[in-house]
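Single-structure report; data block below.
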Amino acid sequence: MRIYCVRIGEKYGQEYEDYMNEKLADYEVIWIKEPIKSNVPLQWNKMAAMNDLSNEPVIVLDIDKLLINDYKEALEYPIEHGEFLAAPYWWGNDKILMSGGFYKFYPRECKYIYNNYINNIDYYTNYYIKNGCTTGPVNGEFMYVNDMIQSKLKLKTLPNAWVTRWTSEEFDNVGEHRSNLEYRYTKITGNKYLYKNGFHPDIKMAHFTNSLNKPHEWSEYQTFA
């Protein structure tokens, strides 16, 4: 199975790539290190996976995450033709059910998403920021994917208990306290805790979602891999 990862620019160092290569050694990892078009910024280059000609499912995986416990269950989670699998977004708003850190799909069925973006790069790259859906300077890619799959595909998400957002500090630059994540996780999953001297054994992916978070500098988390 092919797994696409993006590392463009200076935000993420070589340690992120090394970590992913080690964790994903049983799969074919394709690194996107150059923009697919000169005006395609950062995470929007994940669209490249939707231009893959494979007849088998592929995965797009953000590299600012830890893969822990039995994480391969998430990677190998089954999908059928016509489905688009994504990580849940239980820590976000109720309007969008998926987050952008993990996608699994049949690329030929998503080629229309790629084509539409490539034909309107500047419009969509700025649309979600201009309309107040998110903040810049670069953002909104998963919102675009969410909007586009509605017309032709069925959204499917990993179990809520398997995935969490996390932060290296007690709160990050959007004020997301760990205690709030803990409360929401336990409420939505029924598990008794999210993090207590280690993540709950159900957690397979912990996503550190902004530039202030440096998961690989936190050795305490890597002991649970």
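The values are calculated or read from the model by the stated rules, or taken from the named source; none is laboratory data. Just so you know, these numbers come straight off a predicted model, no measurement behind them. With ideal geometry, Cβ positions are generated from the backbone for all residues, glycine too; neighbour counts draw on all protein chains shown. Note: accessible area is taken over every heavy atom of the protein model, side chains too, but ligands, DNA and RNA are not part of it. Shrake-Rupley method; radii C 1.70, N 1.55, O 1.52, S 1.80 Å.
By how many nm would the segment from N126 to H177 grow when fully extended, if each residue of separation counts as 0.36 nm and the alpha-carbon distance is taken off?
Details: separation 51, 0.36 × 51 = 18.36 nm, distance 2.83 nm.
Length gained, N126 through H177: 15.5 nm.
Using the Karplus equation 6.51 cos²θ - 1.76 cosθ + 1.60 (θ = phi - 60°), what ³J(HN,Hα) coupling, rounded to whole Hz, does each residue of the range 55-62 give in order, writing x for Gly and Pro?
8, 10, x, 10, 10, 10, 10, 5
Assuming R0 = 25 Å, can you tell me the calculated FRET efficiency for the pair I118 and N21, based on Cβ-Cβ distance, to the nearest 0.05?
Numbers: r = 28 Å, r/R0 = 1.13.
Step by step, r from the Cβ atoms, then E = 0.30.
What percent does the relative contact order of the chain come to when contacts are Cα pairs within less than 8 Å and at least six residues apart? Each step should come with its number before you reach the end.
Details: 361 pairs, mean separation 52.5, N = 225.
This gives 23 percent for the chain.
Please sort by residue number the trypsin sites (Lys or Arg not before Pro) in the range 32-115 whose DSSP state is loop and whose Cβ has at most 10 other Cβ atoms within 10 Å.
Details: sites: K33, K37, K46, K65, K72, K95, K104, R108, K111; in loops: K33, K37, K95.
Qualifying residues, ordered by number: K95.
Work out, step by step, the length gained on full extension between T135 and S168: first 0.36 nm times the residue separation, then minus their alpha carbon distance; give nm to one decimal. Numbers along the way, then the final one.
Values: separation 33, 0.36 × 33 = 11.88 nm, distance 2.06 nm.
Gain on stretching T135 to S168: 9.8 nm.
Rounded to the nearest angstrom and ordered from largest down, what semi-axes does the equivalent ellipsoid of the range 101-180 get from its C-alpha gyration tensor (root of 5λ)? Show your work: numbers first, answer last.
Numbers: eigenvalues 144, 76, 17 Å².
Sorted largest first and rounded, they come to 27, 19, 9 Å.
How much accessible area per residue does the chain have, counting only protein heavy atoms and a probe of 1.4 Å, in square angstrom?
On the way: 10830 Å² over 225 residues.
Computed with neighbouring chains in place, this is 48 Å² per residue.
Under the Karplus relation 6.51 cos²θ - 1.76 cosθ + 1.60, θ = phi - 60°, what is the ordered set of whole-Hz ³J(HN,Hα) values for the range 34-43, x standing for Gly and Pro?
Calculated HN-Hα couplings, in order: 10, x, 6, 9, 4, 9, 9, x, 5, 5 Hz.
Going by amide H atoms built from the backbone, whose H comes under 5 Å of the H on S99, apart from near neighbours?
Those lying under 5 Å, H to H, from S99 are A87, Y89.
Given the Cα-Cα distance of D94 and M1 and 0.36 nm per residue of separation, how much length would full extension add, in nm? If you can, show how the numbers build up before the last one.
Working: separation 93, 0.36 × 93 = 33.48 nm, distance 3.17 nm.
Here the segment from D94 to M1 would lengthen by 30.3 nm.
Output the relative contact order of the range 96-176, whole-number percent, from Cα pairs under 8 angstrom with separation of 6+ residues.
On the way: 34 pairs, mean separation 23.0, N = 81.
The value is 28 percent.
Return the sequence-ordered ³J(HN,Hα) values of the range 146-156 in whole Hz as given by the Karplus equation 6.51 cos²θ - 1.76 cosθ + 1.60 applied to θ = phi - 60°, using x for Gly and Pro.
With the stated coefficients, the range 146-156 comes to 4, 5, 6, 6, 4, 7, 10, 10, 9, 6, 10 Hz.
For the chain, what does -39500 (n - 2.57) per DSSP helix run (n ≥ 4), summed and divided by total residues, give at 222 nm, in deg cm²/dmol to the nearest 500?
The helix-only estimate for the chain comes to -7000 deg cm²/dmol at 222 nm.
Longest exposed-loop-site-free stretch of the chain, with GluC sites (Glu not before Pro), DSSP loop and at most 14 other Cβ within 10 Å? Each step should come with its number before you reach the end.
Details: sites that count: E10, E76, E80, E169, E170.
By the stated rule (loop sites, at most 14 other Cβ atoms within 10 Å), 81-168.
Using all alpha carbons of the chain, what is the percent of pairwise distances in each 5 Å bin, ordered from the shortest bin to the longest?
Per 5 Å bin, starting at zero, the Cα-Cα P(r) for the chain comes out as 1, 6, 14, 19, 22, 18, 13, 6, 1, 0 percent.
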